[in-house]
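Right, I'll just put the structure down here and ask away after.
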Amino acid sequence: MRVVLLSFVLLFFVQLSYGQKYSIIDNRAIKMHEEGDELVLRRQYNDAIEKYKASINREANFLESYVKWGRILLTMGRSEEALEVVQRGERRPAKPNDLIKGDFGWLKMHIYLSLGQFKEALSQYQEVDLILSDQFKNSMNYIETKEQMDFLNENLQKELVINKEKLPEPINQFTLQYFPVLTADSRKILFTKRDGTQDYQKEDIYVSYLADDDETWTMPAGISESINTNYNEGTCTISADGNILIYTSCDAPDSFGSCDLYIAYRVEGRWQRSTNMGKNVNSRSWESQPSLSADGRILFFSSNRRGGYGGNDIWYSVRNDDGSWAEAKNLGPTVNTPRDEVSPFIYFNNEILFFASNGHRGFGGMDLFVSRVEEGEFTEPENLGYPINDHQDQFSLFITAQRDYAYYTETSYAEGKVERSLLYRFKFPEEISLGEKLIVTQGKVLNSKTGEPIDAKLSLVSLANDSTLYQFRSDGKTGDFMMLYPDKSFSGLYVEKEGYLPKIYNVERDNLKDQEDLEISLTPIAPGEEFVFENIFFDFDKDELKPESMSSLKRLVDFLNTNFNVNIYIVGHTDNVGSTVYNESLSLRRAESVKRYLLENGIKEGRAIPVGKGDKEPIRPNDSADNRAMNRRITISIQENF
């Protein structure tokens, strides 16, 4: 706990050296006091307390002994006792000079900080600041404390309204439960469970489900025998669709270091045996506390490996197209500090990172921070404010996709040692922006000929800059998929599977947002089969391809390169506005523009034949603007010589 570390430093925070000048003249009391000072240097705190008590028993007005006694109690994490000692000393009838008053006030201020009584600490600071010496105000101790007080004063004026609630049993039935994560529908919670605080009591991943009444949780149980073993498993993350699990396992036989990250996939409703994520992710050091992006493509985690900026840093790895993971990279000095950054959580939109740190300015202990992605870079972290953060350690934050609740771990301590950890939640405040609304699209991918489910790749792509925003997969057993993504305009959805014609959508025009039963049919490659080549754009009455067409064009090149024995027709269609002859000419010119792009990108002559059909084959009546827009299209059909 940071409070203990900070308090230990306080033992050496003195305005001026006392030397041999005390508020009393009793030599026997002074001797016992100085014997206590020697014991403090040897960190024999309990013995030192007895010496200070003895000096006070000898001379009740020995104010310096009250100060030293209070400092030790604060160092030991016994803040309430320390406050009692200080108040006892302040009640003595002796008349202290400004030096003693300053020591009492400075110590009392830090006690209030350790108790989370920030308003009282600010008031005490403002009072004692008037009598502190100029020499002390030039010290680093004073300067850092003043910055802390300025931070508190500013942030307490922006206090959030937070009502923290403990999750009901049977969730919180264990001594320790921590690091909660939920699936995107918020109906399944996973957490790390431990029966006690002793090292021999191992960790496991437990899961509970929200009942139909939306209020009670089922009895927690181990996630799977293929995941929970005789070793320690915990601090996990799960993809939005619940099919990819990454977790921490410590001291396993195939580990690279003390704790490594492992990955498991749920296939046909069952968790498969997990595997070590390999040397690109793991090292000989400690890796833990993973957070997987909603689409399962980017993994954030905490590690104390070499190459970082401090003790524990946040690192990340990107999943390659073949399913392997790229070499992990440090997130950089904007987020990471010379101290500790842990417990990353990447929100469902892939653009907001929450994490815990004691290296950025905070309220005490580990505070929760947020950093946002702007122009591809993480911004300067912002403290989430009070009372989300307080004097204790805050970590393991998880915010639901529905933006309603934030789940976290609250830990209680006894004399600086963990006593109990429980799972809590609170309504997430609207003052903290989570970006655009999240869109959910659910459905199935099926074989158009047989109706059988297909394990397909679904890619959501920004048509403005041809960047892949999200990638998901459908389940090979059921065909089910769930996509979760921010409400960004002008995007395309590409559904692909080797051996099948791709299915291409325009998310806005095809009304895919918030659908729960979208059925996507993929057609096996065969002569005569065709698909609508969506997201090919031309200006009105023009045949030049617009830049927004690049995403679909590149995928057509990939399709032909993968299926090297397939030849195609590129067929242009128009609506019925204009003469038939002109429409045929325009549709042919547009098809030829597509062919020209293919040739420029390595596709051999003869594999793509352009055809212009004008307005001869409408797929909608030309009786409205929307229907005419649907008729203006490019289709790709497979040649008979396949």
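The values are calculated or read from the model by the stated rules, or taken from the named source; none is laboratory data. Here the structure is a predicted model, which means the values were calculated and not measured. Backbone-built Cβ (ideal geometry, glycine too); neighbour counts: all protein chains shown.
Look at segment 385-429 and say how many of its residues are over 18 Å from the mean Cα position of the chain (by Cα) and either in a loop (DSSP other than H, G, I, E, B) or among the β-branched types (Val, Ile, Thr) (or both).
Qualifying residue count for the region: 9.
Among the residues of segment 495-510, what is the count of those that are touching a Ser or Thr at 6+ places or on another chain (Cβ under 7 Å), within 13 Å of Thr441 (Cβ to Cβ) and surrounded by 16 or more Cβ atoms within 10 Å (Cβ to Cβ)?
Residues flagged as touching a Ser or Thr at 6+ places or on another chain (Cβ under 7 Å), within 13 Å of Thr441 (Cβ to Cβ) and surrounded by 16 or more Cβ atoms within 10 Å (Cβ to Cβ) within segment 495-510 amount to 1.
Which of the residues belonging to segment 45-82 are of a type in the set (S, T, N, Q) and either without any contact (Cβ under 8 Å) to a residue 24 or more places away in the chain or crowded, with 20+ Cβ neighbours inside 10 Å (or both)?
Selection gives Asn46, Ser55, Asn57, Ser65, Thr75, Ser79.
Looking at (1) in contact with a strand residue (DSSP E or B) (Cβ under 8 Å, 6 or more places away or on another chain); (2) at pLDDT below 95; (3) of a type in the set (S, T, N, Q), find the lone condition where Ser283 falls short.
Status for Ser283: all satisfied but (2).
Scan segment 459-477 for residues that are in a loop (DSSP other than H, G, I, E, B) and either surrounded by fewer than 18 Cβ atoms within 10 Å (Cβ to Cβ) or out of contact with any Lys or Arg (no Cβ under 8 Å at 6 or more places or on another chain) (or both) and report the count. Steps first, answer last, please.
Step one: list which residues in segment 459-477 are in a loop (DSSP other than H, G, I, E, B), which gives 463-466, 474-477.
Retained after the next criterion (residues that are either surrounded by fewer than 18 Cβ atoms within 10 Å (Cβ to Cβ) or out of contact with any Lys or Arg (no Cβ under 8 Å at 6 or more places or on another chain) (or both)): 463-466, 475-477.
So the answer is 7.
Moving on. Please work out which residue is surrounded by the fewest Cβ atoms within 10 Å (Cβ to Cβ), limiting yourself to segment 602-635 and to residues that are in a loop (DSSP other than H, G, I, E, B) and of a type in the set (A, V, I, L, M, F, W, C). Let's see the steps before the verdict.
Going residue by residue through segment 602-635, those that are in a loop (DSSP other than H, G, I, E, B) are 602-607, 613-624, 632.
The next check asks that each one be of a type in the set (A, V, I, L, M, F, W, C); those that pass are 603, 619.
Values: Ile603: 18, Ile619: 11.
That would be Ile619.
Turning to a different aspect of this structure: Keeping to segment 320-366, report how many residues are modelled with pLDDT under 95, touching a Ser or Thr at 6+ places or on another chain (Cβ under 7 Å) and either surrounded by 23 or more Cβ atoms within 10 Å (Cβ to Cβ) or under 27 Å from Phe151 (Cα atoms) (or both).
1
I've got another one for you. Name the residues in segment 19-39 that are modelled with pLDDT under 95 and crowded, with 17+ Cβ neighbours inside 10 Å, would you?
Tyr22, Ser23, Ile24
OK, next. Criterion first (under 27 Å from Asn383 (Cβ atoms), in a loop (DSSP other than H, G, I, E, B) and of a type in the set (Gly, Ala, Ser)) does Ser186 satisfy it? Explain how you work it out, then say what you get.
On the way: under 27 Å from Asn383 (Cβ atoms): yes; in a loop (DSSP other than H, G, I, E, B): yes; of a type in the set (Gly, Ala, Ser): yes.
Yes, satisfied.
Find the residue count for segment 82-124, including only residues that are within 13 Å of Phe62 (Cα to Cα), part of a helix (DSSP H, G or I) and among the hydrophobic types (A, V, I, L, M, F, W, C).
4
To continue, here is another question. Could you go through segment 360-382 and let me know if any residue there is touching a strand residue (DSSP E or B) at 6+ places or on another chain (Cβ under 9 Å), part of a loop (DSSP other than H, G, I, E, B), more than 30 Å from Ser79 (Cα to Cα) and of a type in the set (D, E, K, R).
yes
Identify the single condition in (1) assigned to a helix (DSSP H, G or I); (2) over 21 Å from Lys146 (Cα atoms) that Ala60 does not satisfy, given that it satisfies every other one.
Result: Ala60 passes all but (1).
Filter segment 389-421 for residues that are among the hydrophobic types (A, V, I, L, M, F, W, C), at pLDDT below 95 and buried (at least 18 other Cβ atoms within 10 Å of the Cβ) and give the result. Write out each step before concluding.
Step one: of segment 389-421, the residues among the hydrophobic types (A, V, I, L, M, F, W, C) are 395, 397-399, 401, 406, 414, 418.
Then keep just the ones that are at pLDDT below 95; that gives 395, 401, 414, 418.
Selection gives Phe395, Ala401.
How do the pairs read when you match residues in segment 593-609 that are within 15 Å of Glu544 (Cα to Cα) with residues anywhere that are of a type outside the set (S, T, N, Q) and surrounded by 11 or more Cβ atoms within 10 Å (Cβ to Cβ), using Cβ under 6 Å and keeping only pairs 6 or more apart or on different chains?
Filtered contacts from segment 593-609: Ser593/Asp543; Ser593/Leu545; Val594/Ile570; Lys595/Ile570; Lys595/Ala608; Lys595/Pro610; Tyr597/Leu553; Leu598/Ala608.
In segment 256-289, how many are surrounded by 15 or more Cβ atoms within 10 Å (Cβ to Cβ), small (Gly, Ala, Ser) and farther than 17 Å from Ser324 by Cα?
3
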